[in-house]
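Inspection log for the structure reproduced underneath, given as structure tokens.
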Amino acid sequence: MNVLILSCNTGGGHNAAGEALVQCLRERGHQADLVDFLALAGEKVSQLVSGAYIEMAKRLPGLFGITYGLGRVVSTAEQILKFHSPVYAACAQVIPALEAYLQAHPCGAVLASHIFPAMALTEMRRRGLALPLTAAVATDYTCIPFFQEADCDYILLPGPMCLDEFTRRGFDPEKLVPVGIPVSEAFRLRVGRTQARRMLGLEEDCRWVLVMGGSMGAGQIAQLTRSLLYLMEPDVRLAVVCGSNEALRRRLERSWADSGRVRIVGFTDQVARYMEASDLLYTKPGGITSTEGAVMGVPMVHMRPIPGCESRNRQLFTREGMSVTARGVLALAVKGRRLLASPERQERMRRAQRRQVAADAAGQIVSFLEKHVEAEDP
């Protein structure tokens with residue numbers, strides 16, 4: 001089986017989900033490739049769109065939230081009045097390049113881990129263009145604006161808790177497959193907390209709190225770090241992951257490079273081991289990072305979200321007991337201290353995470369494809 005996975009560089013989550021699927025497919029003996037959908041129209045297009053998205057989310061979260069809200073209003077109007085959004089029309093412009101790619105690289109299935117390629121695949125099907133099996137992968141615990149325009153063969157959902165919302169948004173229930181959000185095998189294969197700390201060079205006899213702002217290093221990380229150092233017990237250490245946000249990394253190093261209690265980390269491919277080494281995780285409520293933390297079974301405090309789908313992710317996680325949260329930075333630090341001091345609450349949270357989040361979503365998706373792609377072969 002040969003599978004094409006289309007993603008976009010608007011944040012690291014979509015690519016991470018795509019890479020997890022590529023990894024699992026190849027391990028099962030299949031061919032798989034991850035392609036930047038926007039780059040099919042040219043690298044400059046990809047850099048322009050992705051760069052604008054990331055900068056807005058990181059520097060102007062309020063504007064991002066307003067844009068998200070307007071998108072939801074437009075999406076609701078689309079559902080009622082049956083018209084297509086400007087986003088849909090823009091994605092359709094990439095169809096000639098995508099069609100040429102598919103002709104040059106035939107495959108048995110195309111998965112979209114981002115809404116943009118899912119829209120293009122939808123329009124290709126409506127134009128009568130030949131396509132293999134298509135599926136859109138939802139990487140947040142909500143139906144994001146414009147997602148209902150993605151009329152693929154299947155919609156792969158984060159779990160049963162999302163079925164009602166997607167059905168209300170007009171999706172055919174027969175197309176909804178609640179398999180989970182795919183994460184890398186590194187988050188399922190454990191080496192043990194002690195070994196993880198040794199691999200990372202972390203002190204083994206301390207409690208470690210991991211602070212992350214996603215791939216873009218978003219959120220009030222500097223303020224939170226200061227509050228945690230003030231409130232946490234002396235034996236608590238902080239590992240602060242800045243992702244691709246070099247300005248944040250330099251700022252934190254200026255403040256705490258000489259502190260024996262803070263480890264400042266830039267971009268790293270060892271997030272799974274940092275989670276495994278940690279007693280507590282602070283993270284913004286992105287769909288992928290939240291899923292990774294839940295799969296790893298680490299007690300979780302959700303920081304202030306980028307308004308939009310992250311707000312809804314946080315609502316679901318806290319409602320189901322998979323995380324805790326608070327409105328202000330100091331209140332977040334207090335919540336974390338209380339959670340760290342209560343093994344009983346931590347264990348309840350881990351049980352909720354195991355109950356709600358599929359650990360082997362990538363494997364389930366590959367099994368689904370194996371069954372359905374083979375079934376559709378002539």
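The values are calculated or read from the model by the stated rules, or taken from the named source; none is laboratory data. The structure presented is a predicted model; accordingly, all values stated were derived computationally and were not measured. Ideal geometry is used to build each Cβ from the backbone, glycine not excepted, and the neighbour counts take in all protein chains shown. With ligands, DNA and RNA removed, areas are computed over all heavy atoms of the protein, side chains included. Shrake-Rupley method; radii C 1.70, N 1.55, O 1.52, S 1.80 Å.
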Search region 360-372 for residues that are in contact (Cβ under 8 Å) with a residue 12 or more places away in the chain and pair each with any residue that is β-branched (Val, Ile, Thr) when their beta-carbon atoms are under 6 Å apart and the residues are at least 6 apart or on different chains. Ala361/Val179; Ala361/Ile181; Gln364/Val179; Ile365/Val179
Exclusive hit being in a helix (DSSP H, G or I), modelled with pLDDT under 85 and not β-branched (Val, Ile, Thr), set Ala100, Ala52: Ala52
Only residues in region 100-122 that are within 12 Å of Leu40 (Cβ to Cβ) count as the first member; pair them with residues that are at pLDDT below 95 and open to solvent by 30 Å² or more (accessible area, probe 1.4 Å), Cβ under 8 angstrom, at least 6 apart or cross-chain, and list the lot. Tyr101/Leu40; Phe116/Val87
Residues satisfying the stated conditions in region 111-157, i.e. open to solvent by 10 Å² or more (accessible area, probe 1.4 Å), among the aliphatic types (A, V, I, L, M) and either out of contact with any helix residue (DSSP H, G or I) (no Cβ under 7 Å at 6 or more places or on another chain) or assigned to a helix (DSSP H, G or I) (or both): Ile115, Ala130
Residues satisfying the stated conditions in region 263-285, i.e. open to solvent by 10 Å² or more (accessible area, probe 1.4 Å) and either within 28 Å of Gly308 (Cα to Cα) or of a type in the set (S, T, N, Q) (or both): Val265, Gly266, Phe267, Thr268, Asp269, Gln270, Val271, Tyr274, Lys284
Taking region 192-202 and keeping residues loosely packed, with under 14 Cβ neighbours inside 10 Å and in contact with a helix residue (DSSP H, G or I) (Cβ under 8 Å, 6 or more places away or on another chain) leaves Gly192
Looking at the structure I just gave you, is Leu210 within 30 Å of Gln270 (Cβ to Cβ) and within 19 Å of the chain's Cα centre (by Cα)? yes
For the list (1) surrounded by 14 or more Cβ atoms within 10 Å (Cβ to Cβ); (2) assigned to a loop (DSSP other than H, G, I, E, B); (3) modelled with pLDDT under 95, I need the number of the one condition that Leu189 fails. (1)
Based on what the data block shows, is Phe166 open to solvent by 10 Å² or more (accessible area, probe 1.4 Å), within 30 Å of Gln353 (Cα to Cα) and assigned to a helix (DSSP H, G or I)? no
Which helices (runs of 4 or more DSSP H) sit wholly inside region 286-378 and have at least 3 residues that are open to solvent by 20 Å² or more (accessible area, probe 1.4 Å)? 309-319, 329-340, 343-356, 361-376
Expected single match for out of contact with any Cys (no Cβ under 6 Å at 6 or more places or on another chain) and over 27 Å from Thr194 (Cβ atoms) among Ser290, Ser367 is Ser367
If you go through region 243-256 one residue at a time, do you hit one that is part of a loop (DSSP other than H, G, I, E, B), of a type in the set (Gly, Ala, Ser), out of contact with any Gly (no Cβ under 9 Å at 6 or more places or on another chain) and open to solvent by 20 Å² or more (accessible area, probe 1.4 Å)? no
Quick one: Ala239 ticks every box in (1) touching a residue at least 60 places away in the same chain (Cβ under 8 Å); (2) not in a helix (DSSP H, G or I) bar one, so which box is it? (1)
Can you report the number of residues in region 262-285 which are part of a helix (DSSP H, G or I) and either over 18 Å from Ile221 (Cβ atoms) or free of Cβ contacts under 8 Å to residues at least 12 places away in the same chain (or both)? 4
Of the conditions (1) modelled with pLDDT under 95; (2) of a type outside the set (Gly, Ala, Ser); (3) in contact with a strand residue (DSSP E or B) (Cβ under 6 Å, 6 or more places away or on another chain), Val211 satisfies every one except a single condition; which number is it? (1)
